[in-house]
Amino acid sequence: MDTSTAETAKLYREWARVEAHGSSLIYERLALAVAEDLAILEFLSKVEPVKRQPNLLFGALRWHNVPVDKPAVALAWLGEHQDAVLAVMRNRLTQTNEVARCATLLPALAPLPQPFALIEVGASAGLCLLYDSWRYHYTGSGVDRWVGPTKSPLTLSCITTGDVPVPQEVPDVLWRAGLDLNPIDAADPDARRWLQALIWPEHQERADRLDAALAVAAQAAPHIVAGDLVNDLPKLLDQAPTGATVVVTHSATLAYLDQDERNAFITLLADSGVHRLGAEGPRVLPHLTKQIPNDVDINGRFVVSLDDRALALAQPHGRALTWL
Ligand SMILES: C[S@@+](CC[C@H](N)C(=O)[O-])C[C@H]1O[C@@H](n2cnc3c(N)ncnc32)[C@H](O)[C@@H]1O
């Protein structure tokens, strides 16, 4: 095994242990099988290192309807259809859009003066721009509240801990726009199928939620501009209407940036005088994570922050929210 294949084997073994274990037995087994298969490791050397990630390879297999729950069958198929898999891996990026994050951002958003002009950076298909399209069910800590339109095809359930300021109503959104390096058109069947292929096999609830949310987004067609969240944000901020509170939101996005870019983003927003509302991993904005008491377990949780304050911890896929 040369250095490159040995490194890829290590990547897949680590990924099986850290990412897949406890979340997807199917992917855990498949990643371990890849790590032991020299021919597949050599195949992976044909793509640039950043594209050797399990999520991309496994998404490409599912794109081709390969039975990923049978590692031997899946890898034999891959051995015979390398070009078809390479084409997907070279032309596509891993992508997600988790609508349930709206449930963990809404309690921090709703108390601000309304109506809103919302800009989501890293908007993907724009599902987290459509706060007012979803129905929410908050439970826990003495709360049992339904919020939002009864006719919504999608209910986002969120378990609360602590003093979560659960709103009475969904917010009044006057204007909204998204910004993403790689916007997804929710009305494009190809794009929808790719997003679905990237959901891990046992995560049927997420797949169903994505399906329902994409159908709504296809109709609502939120305006999403292709661009970078630092360089292209000022232009979008200029378009926000007067008479609305401008809030720039982001979730699971700043991890894609290096620390200098994250600092530039935070400074840009502070200088613009608009609100920033985000949910990101605990290592992404260390100056906010520092505000969280040491005895609070932040591992595997997102920090929900508004401007320069950490407000809450959220389960990364929106299922639970703990107010600080
Ligand atoms: C993991 S997805 C999260 C999507 C959505 N915010 C959510 O919570 O479901 C991250 C998104 O950020 C976008 N992205 C990454 N770097 C970016 C940048 N510099 N400028 C704009 N968008 C970026 C990616 O294209 C991707 O759509």
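The values are calculated or read from the model by the stated rules, or taken from the named source; none is laboratory data. None of the values given here were measured: they were computed from a predicted structure. Note: ideal-geometry Cβ built from the backbone for every residue, glycine included; neighbour counts use all protein chains shown. Please note that ligands, DNA and RNA were not included when accessible areas were found on the heavy atoms of the full protein model with its side chains. Shrake-Rupley method; radii C 1.70, N 1.55, O 1.52, S 1.80 Å.
Whole Å is fine, so just give me how far the alpha carbon centre of segment 70-120 lies from that of segment 245-324.
20 Å
Give, rounded to the nearest 20 debye, the magnitude of the charge dipole that the chain has about its Cα centre when Lys and Arg contribute +1 at Cβ and Asp and Glu contribute -1 at Cβ.
My answer is approximately 420 debye.
With unit charges on the beta carbon (Lys/Arg positive, Asp/Glu negative), name the residue among 74, 121, 278 whose Cα is farthest towards the positive pole of the charge dipole of the chain.
It is 74.
Any chance you could run the full-extension gain for residue 319 through residue 39? It's 0.36 nm times the residue separation minus the Cα-Cα distance, nm to one decimal.
96.8 nm
Could you tell me the accessible area of residue 81 in Å² (1.4 Å probe, neighbours in place), rounded to the nearest ten?
Accessible area, nearest 10 Å²: 70 Å².
On C-alpha positions alone, give me the angle between the axis of helix 82-91 and the longest principal axis of the chain, in degrees, nearest 10.
20 degrees
May I ask for log10 I(q)/I(0) of segment 231-324 at q = 0.18, 0.21 Å⁻¹, from a Debye sum over the Cα atoms as equal point scatterers with solvent left out?
So the normalised log intensities work out to -0.83, -1.06.
Identify the residues of segment 152-192 with backbone N under 11 Å of a label point that sits 7 angstrom from the Cα of residue 256 along the Cα-to-Cβ direction, or state none.
179-184
Sum up the lysine pairs in the chain that clear both bars: alpha-carbon distance under 25 Å and a spacing of 8 or more or different chains. Before the final figure, lay out the partial values.
On the way: 10/46; 10/51; 10/70; 46/70; 51/70.
Close lysine pairs found across the chain: 5.
Against the longest alpha carbon principal axis of the chain, how many degrees, from 0 to 90 and to the nearest 10, is the axis of helix 259-272 turned?
20 degrees
Within the set of other residues whose C-beta is less than 14 Å from the C-beta of residue 99, count the net charge using Lys and Arg as +1 and Asp and Glu as -1. Each step should come with its number before you reach the end.
Numbers: positive: 101, 135, 192, 206, 209, 319; negative: 98, 120, 132, 205, 208, 211.
In short, 0.
Mind jotting down a quarter of the surface of the convex hull over the alpha carbons of the chain, in square nanometres, one decimal?
Mean shadow area of the hull around the Cα atoms is 16.9 nm².
Take segment 75-218, compute every pairwise Cα distance, and split them into 5 Å bins from 0; I just need the percent in each bin.
Answer for segment 75-218: a P(r) of 2, 9, 16, 19, 18, 14, 9, 5, 4, 3, 2, 0 percent.
Quick check: Cα centre of segment 5-30 to Cα centre of segment 133-187, how many Å?
Comparing the Cα centres of segment 5-30 and segment 133-187, I get a distance of 33 Å.
For the chain, with a Gaussian network of springs between Cα atoms less than 10 Å apart, report the residue from 121, 274, 18 with the top mean-square fluctuation.
Fluctuation is largest for 18.
Can you tell me the convex hull volume per residue for segment 3-91, based on C-alpha atoms, in Å³ to the nearest whole number?
In segment 3-91, the Cα convex hull volume per residue is 80 Å³.
Assuming R0 = 41 Å, what is the FRET efficiency of residue 296 and residue 4, from their Cβ-Cβ distance, to the nearest 0.05?
0.50
Based on DSSP H runs of at least 4 residues, each adding -39500 (n - 2.57), what is the mean residue ellipticity at 222 nm of the chain after dividing by all its residues, to the nearest 500 deg cm²/dmol?
Numbers: 12 runs with 121 residues, N = 324.
It lands at -11000 deg cm²/dmol.
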